[in-house]
Amino acid sequence: MPSLRDTIAADLRTQITAGHLQAGARLPSEPRLAAQYKVSTPTLRNALALLQAEGLIDKIHGKGNYVRQPLRRLTYAEGHLTPDADLHVTIRTTNLRARGDLIPLLKVPSRTPLTEFLCLTHQGETPHSLARIYVPRELEPAELPWPRPGRAETREVVTARLPTLEEAFTLRISSTLPVLAITRVSSDTTGRVVEGALLVLPGDRTNALFTIHHTTEEKGTEG
């Protein structure tokens with residue numbers, strides 16, 4: 001037998017998919033919905049969390065719950081998301097010093113001066129993806145270092161995991177929605193790290209493309 005949470009989620013899901021609740025529409029307040037379905041507020045919030053995890057609604061702090069505009073599923077390949085005219089990026093630059101996980105990431109001594117580029121990609125008003133890019137300050141370019149010139153090698157480690165609370169809040173996603181977490185490190189011909197990046201891509205809007213290049217050796221034939 002379905003739980004109250006599942007029953008409420010199913011009813012709201014039907015209203016959204018049938019168009020009775022259209023994209024961009026604000027849902028009634030949580031107390032009002034709880035009274036409508038004759039359940040407690042925590043039960044109602046659990047039902048909304050299911051729809052949020054499915055990508056059907058957004059919860060905007062201080063404003064309420066909204067039916068989400070359909071999000072494009074973009075492809076991440078070769079260090080970047082597929083270009084899309086509907087996406088725009090906001091960038092915040094911060095000067096800091098290497099500590100914690102940044103030390104082994106960039107292979108620098110503790111307290112080395114760094115520049116952090118916090119890049120938040122939006123589709124319309126909805127956050128789409130998050131990237132933190134770190135560059136030793138002495139290598140800091142005039143513009144965003146993506147892609148960095150002088151790269152000889154770039155390595156990426158891709159992990160599927162749940163978002164941190166900060167990531168979930170920034171991206172306006174449920175803490176139960178898996179994300180692709182990508183750690184990217186670029187080095188020059190001497191092996192020096194010129195850029196380290198930590199990317200977070202929500203699983204409901206991202207594909208990852210991996211291309212493998214095979215090389216073949218031609219064997220000579222003796223006459």
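The values are calculated or read from the model by the stated rules, or taken from the named source; none is laboratory data. All of these numbers come straight from a predicted model, not from anything done at the bench. Backbone-built Cβ (ideal geometry, glycine too); neighbour counts: all protein chains shown.
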State the number of residues belonging to the stretch 80-112 that are among the small types (Gly, Ala, Ser) and modelled with pLDDT under 95.
1
Answer yes if at least one residue in the stretch 35-45 is out of contact with any helix residue (DSSP H, G or I) (no Cβ under 7 Å at 6 or more places or on another chain) and touching a residue at least 12 places away in the same chain (Cβ under 8 Å), and no otherwise.
no
What residue, among those in the stretch 61-94 that are within 21 Å of LEU199 (Cα to Cα) and of a type in the set (A, V, I, L, M), is surrounded by the fewest Cβ atoms within 10 Å (Cβ to Cβ)?
ALA85
Residues located in the stretch 104-120, provided they are of a type in the set (A, V, I, L, M, F, W, C) and either within 16 Å of GLU138 (Cα to Cα) or over 23 Å from the mean Cα position of the chain (by Cα) (or both):
LEU106, VAL108, LEU114, PHE117
Under 7 Å between Cβ atoms, at least 6 apart or on separate chains: pull out the pairs that start in the stretch 162-180 with a residue that is under 23 Å from GLY79 (Cβ atoms) and end on any residue that is polar (S, T, N, Q) and surrounded by 18 or more Cβ atoms within 10 Å (Cβ to Cβ).
LEU180/THR206
Would you check which residues across the stretch 184-217 are acidic (Asp, Glu) and in the same structural domain as GLU78 (by TED's automatic domain parsing) and list them?
ASP188, GLU195, ASP204
Within the stretch 41-60, can one find any residue that is hydrophobic (A, V, I, L, M, F, W, C) and under 29 Å from ARG192 (Cβ atoms)?
no
Residue check: is LEU120 in contact with a Leu (Cβ under 7 Å, 6 or more places away or on another chain) and either in a strand (DSSP E or B) or farther than 30 Å from LEU21 by Cα (or both)?
yes
Within the stretch 95-117, the count of residues that are surrounded by 11 or more Cβ atoms within 10 Å (Cβ to Cβ) and either of a type in the set (Ser, Thr, Tyr) or in a loop (DSSP other than H, G, I, E, B) (or both) comes to 8
Kindly indicate which of ARG73, ARG97, ARG68, ARG92 is within 30 Å of LEU33 (Cβ to Cβ), basic (Lys, Arg) and in contact with a Leu (Cβ under 8 Å, 6 or more places away or on another chain).
ARG68
Test result for VAL67, on the phi < 0 side of the Ramachandran plot, over 16 Å from the mean Cα position of the chain (by Cα) and of a type in the set (A, V, I, L, M, F, W, C):
yes
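To keep it simple, each residue is scored yes or no on (1) modelled with pLDDT under 95; (2) within 19 Å of LEU102 (Cα to Cα); (3) surrounded by 12 or more Cβ atoms within 10 Å (Cβ to Cβ).
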| position | (1), (2), (3) |
| --- | --- |
| PRO145 | yes, yes, yes |
| GLU166 | yes, yes, no |
| ARG184 | yes, yes, yes |
| THR206 | yes, no, yes |
| PHE210 | yes, no, no |
